[in-house]
Amino acid sequence: MDTLEKLFEETLRDIFYAEKAILKNLPKMARKAKSPALAAAFEEHIEQTEGQVDRLEQIFEMIGKAPRGKRCPAIDGLAEEAGEIMQEAKDATVRDAGVLAAAQAVEHYEISRYGTLAAWADKLNMTEAAELLRTTLQEEKDTDAKLSELALSEINVEADEGDAKTSGRKSKGGRKEAAE
Ligand code: FE
Ligand code: FE
Ligand code: FE
């Protein structure tokens, strides 16, 4: 791999594979979510992800390559971790907290990839591709922020309360306090 063009193409294939993997896994996470707000956030991001795959296909077309993924061990690992949490967490509210955190790890991987790809597209004078990549980058950042908000306002609080109920421990504080 000797040129930035080639590196760009390979990384595009990496994130293309990742987005497809996400499209396979997010519906499972949405089904498992106990919180309606968390399920809705996942559902919304499934739709966004379909648009993101479209954008990547447009960029493949711009560089004259067939849209083809290349296995991304990072996303496979993150999906595996999410699967483990879904299997292992007995309490539904604790599971929601774990699944939300797993989803944020995925968003952070995507934010890293799209940030890099947009910077490389600039360098390669691919203005239109850079714009498409930044549109997706913003969606990933917004999703991450939304998940953080959900965690602070609802999911972590309920996980703590649910856990306190089963363990007989006093929960660390109410919804309001945790949101501040
Ligand atoms: Fe994505
Ligand atoms: Fe990767
Ligand atoms: Fe995403």
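Computed from the coordinates by the stated procedures, all read-outs in this text should not be read as laboratory data. This is a predicted model, so every value here is computed, not measured. Cβ sites come from the backbone with ideal geometry, for glycine too, and all protein chains shown count toward neighbours.
Inside the range 32-52, can you point out the residues that are of a type in the set (A, V, I, L, M), part of a helix (DSSP H, G or I) and either within 16 Å of ligand 2 (Cβ to nearest atom) or more than 18 Å from Ala21 (Cβ to Cβ) (or both)?
Passing the criteria: Ala37, Leu38, Ala39, Ala40, Ala41.
Yes/no per residue for (1) over 15 Å from Phe8 (Cβ atoms); (2) under 17 Å from the mean Cα position of the chain (by Cα); (3) within 13 Å of ligand 1 (Cβ to nearest atom):
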| site | (1), (2), (3) |
| --- | --- |
| Arg31 | yes, yes, no |
| Lys34 | yes, no, no |
| Gly51 | yes, yes, yes |
| Met62 | no, no, no |
| Ile85 | yes, yes, no |
| Val94 | yes, no, no |
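Scanning the range 123-141 for residues that are free of Cβ contacts under 8 Å to residues at least 24 places away in the same chain and surrounded by 14 or more Cβ atoms within 10 Å (Cβ to Cβ), we see that the one that is farthest from Met62 (Cα to Cα) is Arg134.
Screening Lys70 against (1) of a type outside the set (Val, Ile, Thr); (2) touching a helix residue (DSSP H, G or I) at 6+ places or on another chain (Cβ under 6 Å); (3) in a helix (DSSP H, G or I) leaves a single unmet condition, (3). Of all the listed residues (Ala74, Ala66), the sole one being aliphatic (A, V, I, L, M), in contact (Cβ under 8 Å) with a residue 40 or more places away in the chain and in contact with a Phe, Trp or Tyr (Cβ under 7 Å, 6 or more places away or on another chain) is Ala74.
Could you list, in sequence order, all residues of the range 1-18 that are under 24 Å from Ala82 (Cα atoms) and either without any contact (Cβ under 8 Å) to a residue 40 or more places away in the chain or among the polar types (S, T, N, Q) (or both)? Spell out the reasoning first.
Narrowing the range 1-18 to residues under 24 Å from Ala82 (Cα atoms): 11-18.
If the condition is that a residue be under 24 Å from Ala82 (Cα atoms) and either without any contact (Cβ under 8 Å) to a residue 40 or more places away in the chain or among the polar types (S, T, N, Q) (or both), then Thr11 is the only one that fits.
Within the range 122-138, does at least one residue satisfy the condition of being within 16 Å of ligand 3 (Cβ to nearest atom) and in contact with an Asp or Glu (Cβ under 7 Å, 6 or more places away or on another chain)? The answer is no; no qualifying residue exists.
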